[in-house]
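Colleague: One structure follows; several queries about it will come next.
The values are calculated or read from the model by the stated rules, or taken from the named source; none is laboratory data. Note that the coordinates shown come from a computational prediction; the quantities given were computed from them, not determined experimentally. Quick reminder, even Gly has a Cβ in these numbers, built from the backbone with ideal geometry, and neighbours come from all protein chains shown. Remember, those area values only see protein heavy atoms, side chains included, never the ligands or the DNA or RNA. Shrake-Rupley method; radii C 1.70, N 1.55, O 1.52, S 1.80 Å.
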Amino acid sequence: MAHTLEAPGSFTAFAEGIRKQFPLLNQQVNGRPLVYFDNAATTQKPVQVIEAMNRYYREYNSNVHRGVHHLSQVATDAMEQVRLQMAGFLGASRHEEIIFTSGCTGGINLAAHIMGRAYLRPGDEILLTEMEHHSNIVPWQLAAEISGAIIKVIPVLEDGTLDLEACQTLLSPRTKVVAFVHVSNALGTINPAAEIISMAKNVGALTLVDGAQALAHERVNVQNLNCDFYVTSAHKHYGPTGMGVLYGRYELLEKLPPYQGGGEMIDRVTFDRTTYNTPPFKFEAGTPNIAGIIGMGASIQWLLEQDIDQVKAYEHELLAYATQTLSEIEGFVPVGTAADKAAVVSFNLKGVHHYDVGVLLDKMGLALRTGHHCTQPLMDRYAIEGTVRASFAPYNTFEEIDRLVEALRKAQQMLS
């Protein structure tokens, strides 16, 4: 099958230029060239990220801070340079607003826990959305248990957008936190983050944005958004796993208590009393994931070297082409059809279980995600157990989408 949308030559050359920087993609799976469409779960890593982490271990592996020797100082300088880099990349007003975490889950748990201890009170309300990843639900449930706060939920409309009229109705002076996903991992919906934050600010609520799926597809400026907290996961934007950032407004970070105790986060320790370091170190107990931080910095540098407008335009073409060609398959049922979407297609085939589809696609060399995508409340909203999800990156091609369509037709025949 040949693709019917026009792919300008510049797009093809762009994709080829990107693709050759990702060595993992050049392999076969089950005797077929790998098609990697699981980018919402984790992206592949460009050579410069792999080499940056390799260079750390080969040339200057050492623990950071407090060391007076050369290697420790080199490692500390490299790590703190990434903090400066992340502050600039996210548009933070100062680098002390960047806290290194294990990823979005770690960042949300940190923020929810300290707010549950020191900010939320019985009867306060936490407003979430029906499309949240479990990592932006469960930490708030734990915070509610600590504080006596109540969780309320913004519903999702049939097309996969948020019901903003309902959001407005749910907001009140009792609302103390509004936490929502910037881009839905399960549907691809891009939420109007600035508008939701503005609505939350009108009632005096703090805001936390889960940016796991956003940074790979667009530039984010936390000051323009006017959010209080923003969380990222490096592996979603071509960096290493187990690494991420919690951005927090400095005035809040100063007031809120530490999350975990240990080295680095202290000012002075006695058996009677401990005083704490200033942000961000107050929230970074223990030895950090230094290699991960170095790798995350390399991934940010890689992103900065890309033409983000071209990335967005190319991914938009991939999404449009996939939506068109997949819709021609009999029994194709899309889940999430918002007008403003990242490059994610979530779907089912009538009469066929999503898991069985995923297994057969793997046999044909295609890597897609199947299941509830850690969004069980959202699956309940659509009265389904899960979906098949294809999520694209700029190293994917139209020809790979053709292979997906062909493989789905074969799977459908085998499973019918």
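Colleague: Keeping to the range 1-20, report how many residues are more than 15 Å from N396 (Cα to Cα) and modelled with pLDDT of 70 or more.
Modeller: Counting residues in the range 1-20 that are more than 15 Å from N396 (Cα to Cα) and modelled with pLDDT of 70 or more gives 0.
Colleague: Still on this structure, I have one more. Of all residues being of a type outside the set (S, T, Y) and within 19 Å of A285 (Cα to Cα) in the range 82-101, which is most open to solvent (accessible area, probe 1.4 Å)? Just the residue, please. Spell out the reasoning first.
Modeller: Our first condition is that a residue be of a type outside the set (S, T, Y); within the range 82-101, this holds for 82-92, 94-100.
This time we only want the ones that are within 19 Å of A285 (Cα to Cα), so: 82-83, 95-100.
On the way: V82: 9, R83: 1, H95: 69, E96: 44, E97: 3, I98: 0, I99: 0, F100: 22 Å².
Applying the filter and picking the extreme gives H95.
Colleague: If T275 satisfies all but one of (1) open to solvent by 30 Å² or more (accessible area, probe 1.4 Å); (2) out of contact with any Lys or Arg (no Cβ under 9 Å at 6 or more places or on another chain), what's the number of the condition it fails?
Modeller: (2)
Colleague: Out of curiosity, is N226 touching a His at 6+ places or on another chain (Cβ under 9 Å) and not hydrophobic (A, V, I, L, M, F, W, C)? Please lay out each step first, then the result.
Modeller: Numbers: touching a His at 6+ places or on another chain (Cβ under 9 Å): no; not hydrophobic (A, V, I, L, M, F, W, C): yes.
So N226 fails the test.
Colleague: Considering the range 391-416 alone, what residues qualify as being among the polar types (S, T, N, Q), out of contact with any strand residue (DSSP E or B) (no Cβ under 8 Å at 6 or more places or on another chain) and under 17 Å from F332 (Cα atoms)?
Modeller: Q413, S416, listed by residue number.
Colleague: Does N202 satisfy the condition of being surrounded by 23 or more Cβ atoms within 10 Å (Cβ to Cβ) and under 22 Å from D163 (Cβ atoms)?
Modeller: Working: surrounded by 23 or more Cβ atoms within 10 Å (Cβ to Cβ): no; under 22 Å from D163 (Cβ atoms): yes.
Against the criterion (surrounded by 23 or more Cβ atoms within 10 Å (Cβ to Cβ) and under 22 Å from D163 (Cβ atoms)), N202 does not qualify.
Colleague: Does the range 51-70 contain any residue that is part of a helix (DSSP H, G or I) and within 30 Å of T375 (Cα to Cα)?
Modeller: For the range 51-70, residues part of a helix (DSSP H, G or I) and within 30 Å of T375 (Cα to Cα): absent.
Colleague: Every residue in the range 135-170 that is part of a strand (DSSP E or B), open to solvent by less than 40 Å² (accessible area, probe 1.4 Å) and in contact with an Asp or Glu (Cβ under 6 Å, 6 or more places away or on another chain), please.
Modeller: Within the range 135-170, V156 is the sole residue that qualifies.
Colleague: Can you pull out the residues in the range 35-57 that are within 29 Å of K363 (Cβ to Cβ) and hydrophobic (A, V, I, L, M, F, W, C)?
Modeller: Answer for the range 35-57, where residues must be within 29 Å of K363 (Cβ to Cβ) and hydrophobic (A, V, I, L, M, F, W, C): V35, F37, A40, A41, I50.
Per-residue answers, yes or no, for (1) under 24 Å from N136 (Cα atoms); (2) open to solvent by 20 Å² or more (accessible area, probe 1.4 Å); (3) of a type outside the set (V, I, T):
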{"position": "V222", "(1), (2), (3)": "yes, no, no"}
{"position": "N226", "(1), (2), (3)": "yes, yes, yes"}
{"position": "P240", "(1), (2), (3)": "yes, no, yes"}
{"position": "E254", "(1), (2), (3)": "yes, yes, yes"}
{"position": "P258", "(1), (2), (3)": "yes, no, yes"}
{"position": "T270", "(1), (2), (3)": "no, yes, no"}
{"position": "P288", "(1), (2), (3)": "yes, yes, yes"}
{"position": "G292", "(1), (2), (3)": "yes, no, yes"}
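Colleague: So which residues in the range 353-367 are out of contact with any Phe, Trp or Tyr (no Cβ under 8 Å at 6 or more places or on another chain) and either part of a strand (DSSP E or B) or open to solvent by 50 Å² or more (accessible area, probe 1.4 Å) (or both), if there are any at all?
Modeller: Hits for the range 353-367 are H353, Y355, D356, V359, D362, K363.
Yes/no per residue for (1) in contact with an Asp or Glu (Cβ under 8 Å, 6 or more places away or on another chain); (2) at pLDDT below 95; (3) of a type in the set (D, E):
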| site | (1), (2), (3) |
| --- | --- |
| E305 | no, no, yes |
| D309 | no, yes, yes |
| E315 | no, no, yes |
| L319 | no, no, no |
| M364 | no, no, no |
| V405 | yes, no, no |
| L408 | no, no, no |
| A411 | yes, no, no |
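Colleague: Looking at the range 336-352, which of its residues are more than 19 Å from the chain's Cα centre (by Cα) and either buried (at least 21 other Cβ atoms within 10 Å of the Cβ) or among the basic types (K, R) (or both)?
Modeller: Across the range 336-352, the qualifying residues are F347, N348, L349, K350.
Colleague: Contact list please: Cβ distance under 9 Å, first residue in the range 359-377 and without any contact (Cβ under 8 Å) to a residue 40 or more places away in the chain, second residue of a type in the set (S, T, N, Q) and open to solvent by 30 Å² or more (accessible area, probe 1.4 Å), pairs at least six apart or on different chains.
Modeller: Matching pairs, first to second residue: V359/T370.
Colleague: Could I ask something else about it? Where residues in the range 13-65 are open to solvent by 70 Å² or more (accessible area, probe 1.4 Å) and acidic (D, E), which of them is farthest from the chain's Cα centre (by Cα)?
Modeller: This residue is E59.
Colleague: Same structure again: Within the range 368-416, track down each residue that is in a loop (DSSP other than H, G, I, E, B) and open to solvent by 50 Å² or more (accessible area, probe 1.4 Å).
Modeller: Once the filter is applied, which keeps residues that are in a loop (DSSP other than H, G, I, E, B) and open to solvent by 50 Å² or more (accessible area, probe 1.4 Å), the range 368-416 yields H372, C374, A383, E385, S416.
Colleague: When D309 is evaluated against the numbered criteria (1) farther than 20 Å from G160 by Cα; (2) touching a residue at least 24 places away in the same chain (Cβ under 8 Å); (3) exposed (fewer than 13 other Cβ atoms within 10 Å of the Cβ); (4) of a type outside the set (G, A, S), which criterion, by number, is the only one it fails?
Modeller: Checking D309 against (1) farther than 20 Å from G160 by Cα; (2) touching a residue at least 24 places away in the same chain (Cβ under 8 Å); (3) exposed (fewer than 13 other Cβ atoms within 10 Å of the Cβ); (4) of a type outside the set (G, A, S), the one that fails is (2).
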